[in-house]
Each structure stands twice: as structure tokens, then as C-alpha cells.
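Undergrad: There's a structure below that I have some questions on.
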Amino acid sequence: VTSSGAIGSPARVIDSLTVLAPLAVELSLSAGSDSAFFADTDVHLDSVTVIPTGVGSESAAWTAIGGGAWLSVTTTSGVGQGVLGWQVDPRGLTAGTYVDTIVVAIDGASTQPAMFIHTLRVMEVPITVEAAVAAFLAASGVTPAQEAYLDSRGNDDGVLNLGDLLALLDRLDAAGVTVSIPTGAPFSAATQRRP
Amino acid sequence: VIRTDFHRGGVRRIFCALVVPSTGACGGNGTEPTGTTDPGFVRVAVTGPLSPDVAFKFRITGTQVDSVRAATGTMYFEELGPGLHRVIVVDVADRDRLVEFWVPDRNGLAEYGVNLEEVAATGTYENLSVAGYVISLGQ
């Protein structure tokens, strides 16, 4: 600003403009994966951090949607920075790769929502059911690796034993798998489907 | 009087009583064996801590173990070799009758054996000590 004859002229006025970021949302991770064996019953939880950004992020309300048969969102909403949780349930899934997406959006915001892509790989059991049951009865016919697998999915006490069989039977029940083991005993032909 | 099996024995005893009541033996020429047999089922019973719900794994030894069946619960059975059998029973409701099996003569029960190998809790899958349990055969 100039004023002729004025002391200090010209004076300078500094005008600043800060363009604030629009309200948006980010996630601490955008993708993740894990794996399970067929007939596993280990339901587990997973989570990421929801990070609203921009004007009013501290009080921004967000909503999470997604999931399906094997993935279910356990934290469907929040305010400000928070934890988005979900549950992965491999029970009943056959071998294969499963992908599901969770979408997190700031309520009322026009920015793009954030997405988390979860991949679950269900692998074949590394031993047949019949061989596993026979292993418990005859204590033979399985490799050390298979023994380790059965124990890790059982009582995990470092030894293949009866408790591991009980765990296997429960997993098979949950997966709807029928165990049919001939008894070898005349006329009892008992097929050993659990009641 | 010679008893052979459940069905024919009764008939034969009656017959003997009517025809040869004074001899004490029954047979066409008197040379038939005079010993008695008692074919039928025997049971495996276990005693021990009442809780938790447990499953049992045990061996049965004996030359003629036939028609093994679970009285309650679910049974897994395998013949490991001549006279040696392994049984696993889960979801047991009656410990006095874990399994039953048929033998040709229950008078010879002493020739059979049963040995408890493992006990595991159905809820936690934990293998428990077998020390507190006693397994036995009976009629």
C-alpha cells in the first residue's frame, strides 16, 4: 500500500490463504492376508487403525461396511481415530482363496472411502481324515510333519495323543465332515459318526 | 448236563432231564465233553475322577474278541494284530459300560486283559494322567 509522502510507505500487507485438506479417511494398512487349513475352526480377529484426516477429523464419524460368510466386521463405526476390527471364520470353507473388502467412509464426506482387502487362503489338510484317525489308533502311518500338524491343531503339547484326536473330531464336526472308520469287528460295522 | 449255547442248551437240558436223569451226563455215547461254556458279552468299565468329560483310549487283549461295540458314545476300533485291539471311546455316558465285546466263554475271562493308555478332556483337549483311573472287565 503506497501513500505518497507518508512515512513507511509503501507498507506491505501480507495476506495468506491456507487451503485445508478435505475431510477424508485413511487406514494404517490397506490389505492383509492369512491362511487356514481345511476344517480349521480357529476363528480369529484382525484390525487396522482408522485415521480420519482433514478439517474436523478429530470428531469425524466413520462407518465400516463389508464382510460376508467368512469375514464379519466387528467395529462398524467410530469417531475420530480408532480401531476397525473384524473376525475371520474359516469354518465350513473348502480349499481355495477367498477375498473380501471392508469399506470405511466418513459420514457426509465427499472424499473417497478407504478400503481394506482381506485375502484368506484355505489349504487342504495335509493328511486325510481316515489316515489321521488311524494314526491315533495304530500310532503309525503318519509322517513327523503330519504329527506336528495334528498336534498344533490339537492340544499343542508336543505329542500326538488322544486330546489331538478330540480336537480333530470337533473340527470335522464343525466342517460337516463325516468320519467313517470300519471297526474291523464283526457285526458292529460301526461307522463312527459322532452323535 | 452240557450247555452249548443259549438256544440249544435249554432244550438239551430238558431233554436230558427227561431221558437220562440218573446219569448226570448227556450225549449219545457218553463221550461228549463235560465242561460248560458261557458265551456272551463282557463289558469294559472304568472308574476314576467324575469330571471333566473325558475320552478313553485303551487296549484289549484276548484271542477271541468279537463284535466290539460302544454301549454309549462313539467308538473307534482297530485290530492291531492277533489278540491285540485298540479302542477309543468318546462322548461316554456310562463308564460302567464303555464298550462291550463278545467272547465264546465268559468263564475264561481271565485270559482277557484291558489296559488304559490315555485319557483326555473333551472340552480342553488336554491329555490327563491315567493314574486316577482303573479300567476292568466284567460281565
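No lab work stands behind these numbers, since they all come straight from the coordinates. Just so you know, these numbers come straight off a predicted model, no measurement behind them. Note that we place each Cβ from the backbone using ideal geometry, even for glycine, and neighbour counts take in every protein chain shown.
Undergrad: Fewest Cβ neighbours within 10 Å first, please rank B:109, B:116, A:165 accordingly. Walk me through the intermediate numbers first.
TA: Values: B:109 15, B:116 19, A:165 26.
So the ranking, lowest neighbour count to highest, is B:109, B:116, A:165.
Undergrad: Could you calculate the contour length gain from residue A:139 to residue A:121, that is, 0.36 nm times the residue separation minus the distance between their Cα atoms, to one decimal place in nm? Don't skip to the answer; put the middle values down first.
TA: Values: separation 18, 0.36 × 18 = 6.48 nm, distance 3.05 nm.
Net length gain for the segment: 3.4 nm.
Undergrad: What is the magnitude of the charge dipole of segment A:120-168 about its Cα centre, with +1 placed on the Cβ of each Lys and Arg, -1 on the Cβ of each Asp and Glu, and no other charges, expressed in debye to the nearest 20?
TA: Working: 2 positive and 7 negative charges, 26 e Å.
Approximately 120 debye in magnitude.
Undergrad: Taking other Cβ within 10 Å of each residue's Cβ, how do A:30, A:4 sort, fewest first? Before the final figure, lay out the partial values.
TA: Working: A:30 11, A:4 6.
With the fewest neighbours first, A:30, A:4 line up as A:4, A:30.
Undergrad: Test of understanding: ordering A:118, A:44 by Cβ neighbours within 10 Å, fewest first, what list do you get? Before the final figure, lay out the partial values.
TA: Working: A:118 21, A:44 12.
By the 10 Å Cβ count, ascending, the order reads A:44, A:118.
Undergrad: Between residue B:107 and residue B:80, what's the calculated FRET efficiency when r is the beta-carbon distance and R0 is 30 Å? Round to 0.05. Present the calculation step by step, with values, prior to reporting the outcome.
TA: Numbers: r = 26 Å, r/R0 = 0.87.
Step by step, r from the Cβ atoms, then E = 0.70.
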